[in-house]
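This report refers to the structure that appears directly beneath it.
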Amino acid sequence: MTDPVHVKKFQVQAVDLDQSGRIQPVVFLDYLLDSASEQAGAFGLGVTDLFKLNRTWVLSRFHVEFGRFPAWGEQIEIRTWPSAKLPLYAVRDFEASNGRGPAARATSSWLIIDKETRRPVKTAEHMAGFPLLDRRAVADDFPSLPGLSREDGRREFPVFFSDLDINRHFTATAYIHRALETVPREILFSRRPASIEVNYRAEAFYGDTIVSRLEKLPENAGRPAFLHRLSRGGDDRELTLLRTVWAEAPKA
């Protein structure tokens, strides 16, 4: 039987670092998604494979729990596997670690959509021979994230050409990037995300304006927490909901 676990290694480069010398959270998430894309491609289910059928993958939910953020030169081993296949979406999990211990674990759900209708198609049409490992890295059944009850912070950003992915829409991690940019300065410079949950709801495209709003929540076990809502400027179409929890950054 084909091993359902795919292993990919990355080395943290200088361009991956934030102001503290650790890997940027959004870059870390890009590593996870890149490992998923590599395994899908190995089974003939990569984005370019689906393009030939006028279909593509779309990330629906993403939940990441961070342990530590590796520094410049550290190697990270990412293990990823499909953990469930339901009628309209597939579940994929991740674990990231190195010789210093666990770095992150995550779970995600994905849709295959028709590029013309933008409607999901049944995963069974494509994943009949895809191996599964019935184990979750993060226990999450993906309940809906709550909307904001008030606005404690707000910023607006254009969708740049460099923000587009192969589907020609705003990349999955670009939404997270814009949400984190709305977090208060004192949190950004003293803490790092301990967890990020994302609910993708609609697409944004080149030329759109992203409105990133934030609501401060009661602290979670002494850690600051926020709800985030990203919408499209003009019609206020809801694009993404997020929840983030922040831990103290280590001194070294």
Completion exercise
Selection from segment 118-159 of residues in contact with a helix residue (DSSP H, G or I) (Cβ under 9 Å, 6 or more places away or on another chain) and either in the same structural domain as residue 207 (by TED's automatic domain parsing) or modelled with pLDDT of 95 or more (or both) yields 155, 157, 159
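Residue-by-condition table, conditions (1) among the aromatic types (Phe, Trp, Tyr); (2) modelled with pLDDT under 95:
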| residue | (1), (2) |
| --- | --- |
| 173 | no, no |
| 180 | no, no |
| 190 | no, yes |
| 194 | no, no |
| 198 | no, no |
| 205 | yes, no |
| 213 | no, no |
| 222 | no, yes |
Problem - Filter result (touching a residue at least 40 places away in the same chain (Cβ under 8 Å), within 19 Å of residue 65 (Cα to Cα) and either out of contact with any helix residue (DSSP H, G or I) (no Cβ under 9 Å at 6 or more places or on another chain) or outside the structural domain of residue 181 (by TED's automatic domain parsing) (or both)) within segment 225-242 - result: 227, 241
Handout entry: Positions within segment 99-120 being assigned to a strand (DSSP E or B) and within 30 Å of residue 193 (Cα to Cα), in sequence order
Key = 101, 102, 103, 104, 105, 106, 107, 108, 109, 110, 111, 112
Exercise for the section: Scan segment 121-136 and give yes if some residue there is within 18 Å of the chain's Cα centre (by Cα), under 23 Å from residue 33 (Cβ atoms) and part of a loop (DSSP other than H, G, I, E, B), otherwise no. Expected result: yes
Exercise for the section: Scan (1) surrounded by fewer than 18 Cβ atoms within 10 Å (Cβ to Cβ); (2) over 30 Å from residue 13 (Cα atoms) for the single condition residue 47 breaks and write down its number. Expected result: (2)
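The values are calculated or read from the model by the stated rules, or taken from the named source; none is laboratory data. None of these values were measured; they are calculated from a predicted model. No Cβ is skipped: glycine too gets one built from the backbone with ideal geometry, and neighbour counts run over all protein chains shown.
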